[in-house]
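Note sheet for the following structure.
The values are calculated or read from the model by the stated rules, or taken from the named source; none is laboratory data. Because the structure is predicted, anything quoted here is derived from the model rather than measured. Cβ: placed from backbone, ideal geometry, glycine included. Neighbour counts: every protein chain shown.
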Amino acid sequence: MTKPNKNILETANAEIKKANYEGFLAHCTEDTEWTFVGDQILKGKEAVRQYMAKAYIEPPTFTVEQLIAEGDFVTAIGEISMKNEAGEMIHYHYCDVWRFRDEKMAALQAFVIPK
């Protein structure tokens, strides 16, 4: 039996909270593609690794309010807070739509709006 995609995302997110970014990336495909709608697109695990090194100077704090799974997709809706380059905590609402392939996170469409 395969592990449900929803559980994979929850496990990966737990690694983010522990600042174990490599543990999170272990749940991504090598060719993962992250689209931050209206901002940037990251192509491949190395691009995501570099993004995390810059954006997650310290682990973000986030709350998942709803987690909805259907087929190869899992949607997470919640709030996230992270420090900007000046060290100020910035708060956002987010909606992440993940596409899975072979029990790994293959693509992300992230909708992030400042609170």
Identify the residue in segment 19-69 that is at pLDDT 95 or above and among the basic types (Lys, Arg) and, among all such residues, is nearest to residue 105 (Cα to Cα).
45
Tell me, please, whether a residue that is exposed (fewer than 15 other Cβ atoms within 10 Å of the Cβ), β-branched (Val, Ile, Thr) and more than 25 Å from residue 114 (Cβ to Cβ) can be found in segment 12-29.
no
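Mind listing just one residue for me: the one in segment 11-55 that is aliphatic (A, V, I, L, M) and not in a helix (DSSP H, G or I) and, of those, farthest from residue 88 (Cα to Cα)?
26
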For residue 32, are the conditions met, namely being loosely packed, with under 13 Cβ neighbours inside 10 Å, under 23 Å from residue 4 (Cα atoms) and either in contact with an Asp or Glu (Cβ under 6 Å, 6 or more places away or on another chain) or of a type in the set (S, T, N, Q) (or both)?
no
Residue 8: passes all of (1) in a strand (DSSP E or B); (2) surrounded by 15 or more Cβ atoms within 10 Å (Cβ to Cβ) but (1)
Exactly one of these conditions fails for residue 92: (1) farther than 17 Å from residue 35 by Cα; (2) touching a Pro at 6+ places or on another chain (Cβ under 6 Å); (3) not β-branched (Val, Ile, Thr). Give me its number.
(1)
